[in-house]
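The values are calculated or read from the model by the stated rules, or taken from the named source; none is laboratory data. All of these numbers come straight from a predicted model, not from anything done at the bench. Positions of Cβ are backbone-derived with ideal geometry, glycine not excepted, and every protein chain shown enters the neighbour counts. In case anyone asks, the SASA skips ligands and DNA or RNA and just uses the protein heavy atoms, side chains included. Shrake-Rupley method; radii C 1.70, N 1.55, O 1.52, S 1.80 Å.
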Amino acid sequence: MRIIAGLARGFLLKAPKGLDVRPTSDRVKETIFNILRNSVADAAVLDLFAGTGNLGLEAVSRGAARVVFFDASWKSLSVVKENMVHTHLEGYCEVRKIDALVGLGLLKKNQQQFDLIFCDPPYNRGLVGKVLRFLDDSDEILSPTGILIIEYSCHEFLPNDLGNLQVQRTEKFGETRIGFVTRKSISE
């Protein structure tokens, strides 16, 4: 696992030992960022369920203005911090030890908004639906032109009715699915 492009291109990233964290593969990450292209420059990024910080650090390396990492695990966050320092991107990063849904509640309360939100929760625990419902009810967090990128298992499904959100695109990589979700435009 490495940073693919930008300021920290080529830097290898560390991952915690064990099966608690499932880092996004370089192949999947490269596809995500090829699809996002110009959406990354100067973006405010939120990396929910940060794990290793892989996606958020890639975004900052490619020109995002800042990234906020959420994870409930000290073990994961220590790896995120190591990777931030190793890639020399720590000046663009903020790390919070917090459950993703609790953290989203605080962001809503503080009226913080993000252009890109990466959501890569543990598979098959219903967390994708919970995050989608929360973001649908919270116009404040995902900017009007923002993109939510969800990584989920092929055994999970995105809900048919996303309220004010809509799936723009999905990609398949074996057992992994990637969904690109945006706000519905006012005319819809």
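Our note on the geometry: Cα centres of region 62-114 and region 130-188, 20 Å apart. Straight-line cross-link reach from K17 at under 19 Å between alpha-carbon atoms covers these aspartates and glutamates, not counting any fewer than eight positions away in the same chain: D26, D71, E82, D120. Lysine pairs in region 42-188 whose alpha-carbon atoms fall under 21 angstrom of each other, counting only those eight or more residues apart or on distinct chains, come to 9.
Taking only the alpha-carbon positions of region 121-188 and ignoring solvent, what does the Debye formula give for the base-10 log of I(q)/I(0) at q = 0.14, 0.16, 0.21, 0.29 Å⁻¹? Result of the Debye calculation: -0.39, -0.51, -0.86, -1.45.
Within 13 Å, Cβ to Cβ, of I178, how many net charges do the neighbouring residues add up to if Lys/Arg are +1 and Asp/Glu are -1? Around I178, the charge tally is -1. Taking Cα atoms only, the orientation of helix 26-36 departs from the longest principal axis of the chain by about 50 degrees.
Counting only heavy atoms of protein chains, what accessible area per residue, in Å², does the chain have with a probe of 1.4 Å? Write down the numbers at each step before the final one.
Details: 9280 Å² over 188 residues.
On a per-residue basis, 49 Å².
Based on Cα contacts under 8 Å between residues 6+ apart, region 38-176 shows a relative contact order of 22 percent. Sorting 54-67, 84-97 by their mean Cβ neighbour count within 10 Å, with the most densely packed peptide first, gives 54-67, 84-97.
Kindly express, to the nearest 10 degrees and within the range 0 to 90, the angle between helix 74-87's C-alpha long axis and the longest C-alpha principal axis of the chain. Approximately 70 degrees, to the nearest ten. Along the axis of the charge dipole computed for the chain (Cβ charges of +1 for Lys and Arg, -1 for Asp and Glu, origin at the Cα centre), the listed residues G6, G105, G179 are led at the positive end by G6.
All other residues with a Cβ under 15 Å from the Cβ of I4 taken together, and with Lys, Arg as +1 and Asp, Glu as -1, what is their net charge?
Values: positive: R2, R9, R27, K29, R37, R62; negative: D26, E30, E58.
My count for the surroundings of I4 gives +3.
In a simple Cβ point-charge model (Lys, Arg +1; Asp, Glu -1; nothing else charged), the chain has a dipole of about 360 debye relative to its Cα centre. Remark: spin-label model distance Q112-F173 equals 2.6 nm, labels positioned 7 Å along the Cα→Cβ axis. Computed from label points 7 Å out along Cα-Cβ, the spacing between E90 and K14 is 1.2 nm. For the chain, what % of the accessible area comes from carbon and sulfur atoms, probe 1.4 Å? Heavy-atom surface of the chain belonging to carbon and sulfur, 1.4 Å probe: 49 percent.
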